[in-house]
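The values are calculated or read from the model by the stated rules, or taken from the named source; none is laboratory data. The shown structure was predicted, so the numbers you read here are calculated from the model rather than taken from an experiment. Every residue, glycine among them, receives a Cβ derived from its backbone with ideal geometry; neighbour counts consider all protein chains shown. Heads up: the accessible areas ignore ligands, DNA and RNA and are worked out on the full protein's heavy atoms, side chains in. Shrake-Rupley method; radii C 1.70, N 1.55, O 1.52, S 1.80 Å.
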Amino acid sequence: MEQKYARITLDKDFTISRVDKRIYGSFIEHLGRAVYGGIYQPGHPSADEEGFRRDVLDLVREIGVPIVRYPGGNFVSNFYWEDSVGPVEQRPRRLELAWRSTEPNLVGVNEFASWAKKADTQVMMAVNLGTRGIEAACNLLEYCNHPSGTKYSDLRISHGVKDPHNIQVWCLGNEMDGPWQTGHKTAREYGRLADETAKAMKQIDPSLQLVACGSSNTQMPTYPQWEATVLEEAYDSVDFLSLHTYYGNRFNDTRNFLAQSDDMDHFIRTIISTCDFVKAKKRSKKDMMLSFDEWNVWFHANEADDDTMKNRPWSVAPHLLEDHYDFEDALLVGLMLITLLKHSDRVRMACLAQLVNVIAPIMTEENGPAWKQTIFYPYLHASKYGRGIALNPALRSSKHDTKDFTDVTDVDAVAVWNDEQDQVTIFAVNRDLDQDIVLEADVKAFAGYRLLEHIVLEHGDMKAVNSAESQTVLPKTVGDRDQLQDGLLQSKLGKASWNVIRLGK
Ligand code: AHR
C-alpha cells in the first residue's frame, strides 16, 4: 500500500489571524420546528416561564454560540416585523411564503432577544429587502436599538421592553440572487437597494456592522458577477459580504463528499479576489470582510420536504429540513470548520445553518429530550478550543483524486494558539477511508508544552447516526496515539477521523 503522510509545523509567527469568535455563530429561522417545538415549547417539562426549552438552552450554551442569525433565511423576505411584537393575543397569523407554512407570531423580535440573552449569544438580525425596503428596515432598527422618545422606540417600551436590544450586526436581506426568494432582484437592483438601506441605517447608528448578500451558492448562473456588481454599488456602505454553501453525499461517494471542503476553500478565495478587485477599482482603503452565514451539510430530507411543502402546505411548525446526520457528515463539518479557520483573516463571521431541528446539531423530541446529532461534536470542539490565534500549519500531506476533485490532501489540519491560556490545539481530519496516518508536527516553538488531550471522533460505519436514545457517534479521549519528544509530536490519526490534539503547559 502507498505510504501516506502528513507533516505540519506550528510557529507563533505563522499567524493567519486572531479568530473572531463570531466564526462559531449559528442560525435560527422561522422554519419547520426551529422556533416552535425547538427553542420554544411552552408546556414541555423543561420550558421556562417564557416557554423556552431549558434543555435546548443548555446545549446551546454548552457549544458556546457567540452570535445567532435571525429570523431568516428565506423567511425574512416576506417578514412583517410589526406582526411579531406587542400583545401576543393580538398578533396576526400570516401565510409564510418561503416554506409554505403558517406563522403564528408567538415568538417575535423581543422574545428572540430575550432567548438570546439566556443563550449567552448576540443577535444577527436580518431585514426584509424582498417585499419591503428602507423604511421597514429603519423602523425595525429604531424599534430595536433607539433608547426612547421616538415612535418606534416608544412602541417597544409600550410593549414592556424598556432597554434597547443594541443589535450590532444586520443582514441586508437574504439570498436576493435566488429566483426562489420572495422579491428576488437583479444584482444591480439589489446592490442599489442594499446601498441605500445601509446608508439610512448608518444614519441611525454609524457603528452598525452590515452584511450584503453574496450569491446563494457557487452554482448560481450569476456567480460571481453578482458579488462584483453588488459591491460596485454598496462597497462603501457595507462591512461584510455573505457566502452560503451546503454540501451533500447524494451519490453515496464518500471520498468525493469529504473533498467538498476544498470547494468551500476555492469559493472563499474567489470571493476574496472579487472583493479585492472592487476595492482596487474604487481605490478604497477598506478590506471587505466575509460573513459565511450559512454553511452545513443539507440533503438528507430534501425529498420529504418537497412533498410536505407541495402536498401539505400551511401548517404550523411542520417537520421540515430535519436532516438526520451521520458520521461522515460530522467529518465534513469538521473539514469545513478547518477551512473557515484557515481563512479567519477575512471570514470574521460564520453561521452553522442551522441550530435546532432544522439542518441542526441539536434536535428535540416533542415529548422527550433534546439530543446531539453527530455534527454537534466538531462544532463544539472548534468553538471550545478554537479561540485565539489561527496558525498556518504549513501542511504537507499525501494526496488523492476523487470524482470531482484533484490533489485532495489525505489529511487537512489547522491549529489555534490560545495565547491567554497558553494552549495550542490542532484540528485534523484524516479523510483517507482505509489507512491510519501518522501526523508529524514540529512544535519546537511551543517549548514546555505537553500533550493535554487527544480527542477523536471515529466510527466503523460512515452512516452511523445518533438519536434521542443513543449517542453512537461520540467523541472519546485516546491515550495511546501520541508521542511528544524533542519538539516533535507524532499523532496517529485513525482512518476517517476527526482529531482535536490539545497541547499546553
Ligand atoms: O437554511 C435554510 C435555507 O437555505 C435558508 O432559509 C436560505 O437562506 C437558504 O437557501
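General remarks:
- Those strands (runs of 3 or more DSSP E) of region 1-88 in which at least 3 residues are away from the ligand (no atom under 16 Å from the Cβ) and within 30 Å of residue 420 (Cβ to Cβ), considering only elements entirely within it, cover 6-9, 15-18.
- The residues of region 460-495 that are of a type in the set (A, V, I, L, M) and more than 27 Å from residue 11 (Cα to Cα), listed by number, are 462, 464, 465, 468, 473, 474.
- Residues located in region 297-337, provided they are open to solvent by 20 Å² or more (accessible area, probe 1.4 Å), closer than 30 Å to residue 428 by Cα and touching a His at 6+ places or on another chain (Cβ under 9 Å): 300, 322, 324
- One residue from 291, 273 being away from the ligand (no atom under 16 Å from the Cβ) and polar (S, T, N, Q): 273
- Scanning region 133-184 for residues that are crowded, with 22+ Cβ neighbours inside 10 Å, aromatic (Phe, Trp, Tyr) and either within 16 Å of the ligand (Cβ to nearest atom) or within 30 Å of residue 245 (Cβ to Cβ) (or both) yields a single hit, 170.
- Conditions (1) in a loop (DSSP other than H, G, I, E, B); (2) charged (D, E, K, R); (3) modelled with pLDDT of 95 or more: number failed by residue 480: (3)
- Just one of (1) without any contact (Cβ under 8 Å) to a residue 40 or more places away in the chain; (2) assigned to a strand (DSSP E or B) fails for residue 144. It is (2).
- Matching residues in region 364-395 - criterion: being closer than 24 Å to residue 16 by Cα, open to solvent by 10 Å² or more (accessible area, probe 1.4 Å) and in contact with a Gly (Cβ under 7 Å, 6 or more places away or on another chain): 384
- In the condition set (1) within 30 Å of the chain's Cα centre (by Cα); (2) surrounded by 17 or more Cβ atoms within 10 Å (Cβ to Cβ), residue 443 is compliant with all but (1).
- For region 191-227, a residue qualifies if it is assigned to a loop (DSSP other than H, G, I, E, B), open to solvent by 60 Å² or more (accessible area, probe 1.4 Å) and without any contact (Cβ under 8 Å) to a residue 40 or more places away in the chain, and the qualifying residues are 206, 207, 219, 221.
- Test for residue 432: is it at negative phi, touching a residue at least 40 places away in the same chain (Cβ under 8 Å), assigned to a loop (DSSP other than H, G, I, E, B) and more than 23 Å from the chain's Cα centre (by Cα): yes
- Among the conditions (1) more than 14 Å from the ligand (Cβ to nearest atom); (2) touching a strand residue (DSSP E or B) at 6+ places or on another chain (Cβ under 9 Å); (3) of a type in the set (D, E, K, R), residue 236 misses just one, which is (2).
- Those residues of region 84-116 which are β-branched (Val, Ile, Thr) and surrounded by 18 or more Cβ atoms within 10 Å (Cβ to Cβ), in sequence order: 85, 107, 109
- Restricting attention to region 446-489, the residues being open to solvent by 70 Å² or more (accessible area, probe 1.4 Å) and acidic (Asp, Glu) number 4.
- Unique residue being in contact (Cβ under 8 Å) with a residue 40 or more places away in the chain, within 16 Å of the ligand (Cβ to nearest atom) and either farther than 27 Å from residue 410 by Cβ or part of a helix (DSSP H, G or I) (or both) when the list is 231, 241: 241
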